[in-house]
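Notes follow once the structure below has been shown.
The values are calculated or read from the model by the stated rules, or taken from the named source; none is laboratory data. As the structure is a prediction and not an experimental result, all values here were calculated from the model. Glycine gets a Cβ as well: all are built from the backbone with ideal geometry, and neighbour counts include every protein chain shown. Note: accessible area is taken over every heavy atom of the protein model, side chains too, but ligands, DNA and RNA are not part of it. Shrake-Rupley method; radii C 1.70, N 1.55, O 1.52, S 1.80 Å.
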Amino acid sequence: MLRHIFNYFRRQFHTSEMSVKVEAVTEPVWLGEGPHWDHQEQALYFVSIFDNTMDKYVPSTGKHTRAKLDGMPTFIIPVEGKRNHFVVGLDRKVLEIEWDGNENSAKVLRTVTEVDQDNPKSRFNDAKADPRGRLFAGTMGHEYEPGKFLLKKGALYRIDADGTTTKLADNIDISNGLCWDLNEKAFYFADSFEYTIRRYDYDVETGDISNPKMVFKYQDHGLDGIVDGMTIDTDGNLWVANFDGYQVLKIDPRTSKLLQKVPIPALQTTSATFGGPNLDILYVTSARMNRGEEQKPPCGSTFKVTGLGVKGHPNVNVKLN
């Protein structure tokens, strides 16, 4: 029975550009987020925040496994040099967790850091490792009703290998995005309720960011929904999950141009990352939250997008002492 259900979820969806193909590759989750492609393992890791699970998908076998945690995980990133070790955002903590990828076999090893002591109801939302393996992780305000948040309670942090935690920005509604372009010396970041993408000057030697400016505004392009997670390709263009928009957007942040819309058969697209042996497959996570309307399958699935004609950078693992 499960195989028949899974095959149903794997239905294909074609964009208007017939070379681009979109396919659901995992069973639906409640709120998929934070995809990270592990090039060494040839596997995709992500979380389902409201299911309280961290998930693994192996394309070569089609196997999707998960481990349940005591709290809401918001990101999962492998630790450099420690196989089966991950940093996971759980509520306001960054934890080091050991997980072999099998069902419910995860073990919490330690707390790396805890943030937002002055906002105890906030939680982490999005995070990635920068090009040197430093963890950049952002928080968001308390969600007191579905879709309603305490505003300006979030912050953006940098966590160094020794656990030193530095606040880089505050007064944030929902931290999202996080991409780096070394050629442009740029860090890109989104505060979802601003409906914009920010660019910061980025110093790769120190991990410092400065001089924020808005480089893309949804209203300038007649876009609905909000800015969610994003990734960057080797041409320096952003691929942005347009939550409440049934699509992923290709954006040139240097010119503020909207280059392409890739339809996704899920209203609530949440994030994206490049993966596959050649880093030319875009994996897109999604959600199936009922906010007044049922989100039926394949909503909540992770989707594989091929035929885009671009490649991404390898995802960076986190360095921990």
Q.
Being under 24 Å from TYR157 (Cα atoms), touching a Lys or Arg at 6+ places or on another chain (Cβ under 7 Å) and open to solvent by 60 Å² or more (accessible area, probe 1.4 Å): is that true of PRO253 here?
A. no
Q.
Regarding segment 222-240, can at least one residue be identified that is closer than 24 Å to GLY62 by Cα and surrounded by fewer than 17 Cβ atoms within 10 Å (Cβ to Cβ)?
A. no
Q. So SER286 clears everything in (1) under 18 Å from the mean Cα position of the chain (by Cα); (2) farther than 30 Å from ARG134 by Cβ except one condition, right? Which one?
A. (2)
Q: Among the residues of segment 114-147, write down those that are out of contact with any Leu (no Cβ under 8 Å at 6 or more places or on another chain), open to solvent by 60 Å² or more (accessible area, probe 1.4 Å) and not in a strand (DSSP E or B).
A: GLN117, ASP118, PRO120, ARG132, PRO146
Q) If you go through segment 89-113, how many residues are in a strand (DSSP E or B), over 19 Å from the mean Cα position of the chain (by Cα) and not hydrophobic (A, V, I, L, M, F, W, C)? A) 5
Q: Looking at (1) open to solvent by 70 Å² or more (accessible area, probe 1.4 Å); (2) assigned to a loop (DSSP other than H, G, I, E, B); (3) over 29 Å from ASP160 (Cα atoms), find the lone condition where CYS299 falls short.
A: (1)
**Q.** Unique match (being under 18 Å from PHE50 (Cβ atoms) and under 19 Å from the mean Cα position of the chain (by Cα)) among THR273, THR234, THR306, THR269
**A.** THR269
Q: Output the residues belonging to segment 193-211 that are closer than 21 Å to LEU151 by Cβ and either loosely packed, with under 14 Cβ neighbours inside 10 Å or among the acidic types (Asp, Glu) (or both).
A: GLU194
Q: All but one of (1) at pLDDT 95 or above; (2) surrounded by fewer than 18 Cβ atoms within 10 Å (Cβ to Cβ); (3) not charged (D, E, K, R) hold for TYR8, so report the exception by its number.
A: (1)
